[in-house]
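This report concerns only the one structure given below.
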Amino acid sequence: MTPTDVPWDRAACLGCNTDTWFPEGRTSAANTDRTEAKTTCLRCPIRDACLEAALIEERGLGASSRHGIRGGRSGKQRFELATRTGSPPKQQRAA
């Protein structure tokens, strides 16, 4: 599946405040947003496809380059998942 194959029009987050999926920092409000986003993802019919699309789009990126909640997982969680499943490591710059 490619990101363009995902039926985004069926996403549970459709019409929601997108700021909820991109909380910054470790404040109480940011943690509440993370929980709300992940809860919405749990009931989403395309959660698995969304996560797969995120992993494809983020292939080769480090943990700090993955932003927001996608497929019910944080950027750090997606990085750890990609590392466990054998996605290629972050690309090195040419010297």
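Values quoted throughout were computed directly from the atomic coordinates according to the rules given, and no laboratory measurement underlies them. Being a predicted model, the structure only gives us computed values, none of them experimental. Backbone-built Cβ (ideal geometry, glycine too); neighbour counts: all protein chains shown.
Using +1 at the C-beta of Lys and Arg and -1 at the C-beta of Asp and Glu, which of 82, 71, 50 has the Cα lying farthest in the positive direction of the dipole of the chain? The Cα lying farthest towards the positive end belongs to 82. Helix 28-42 and the longest principal axis of the C-alpha atoms of the chain enclose an angle of approximately 90°. Here the Gaussian network model covers the chain, with springs between Cα atoms less than 10 Å apart; of 43, 34, 73, 43 fluctuates the most. In a simple Cβ point-charge model (Lys, Arg +1; Asp, Glu -1; nothing else charged), the range 14-84 has a dipole of about 240 debye relative to its Cα centre. Under the convention that each Lys and Arg Cβ holds +1 and each Asp and Glu Cβ holds -1, the size of the dipole of the range 1-49 around its Cα centre is about 180 debye.
Please give the contour-minus-distance gain from residue 80 to residue 67: 0.36 nm per residue of separation, less the Cα-Cα distance, rounded to one decimal in nm. Once the chain is fully extended between residue 80 and residue 67, it gains 3.3 nm. Given the options 72, 60, 15, state which has the largest fluctuation in a GNM of the chain using a 10 Å cut-off (strictly under) for Cα springs. Taking springs between Cα atoms under 10 Å, the residue moving most is 15. Computed from Cα positions, the angle between helix 75-84 and the longest principal axis of the chain comes to roughly 50 degrees.
In the frame of its principal axes, the range 14-84 has Cα extents of 30, 28, 17 Å, reported largest first. Suppose R0 equals 30 Å; then what is the FRET efficiency for residue 57 and residue 35 from their Cβ-Cβ distance, rounded to the nearest 0.05? For residue 57 and residue 35, the calculated efficiency is 0.80. Helix 47-57 and the long axis of the chain differ in direction by around 30°, with both axes built from C-alpha atoms.
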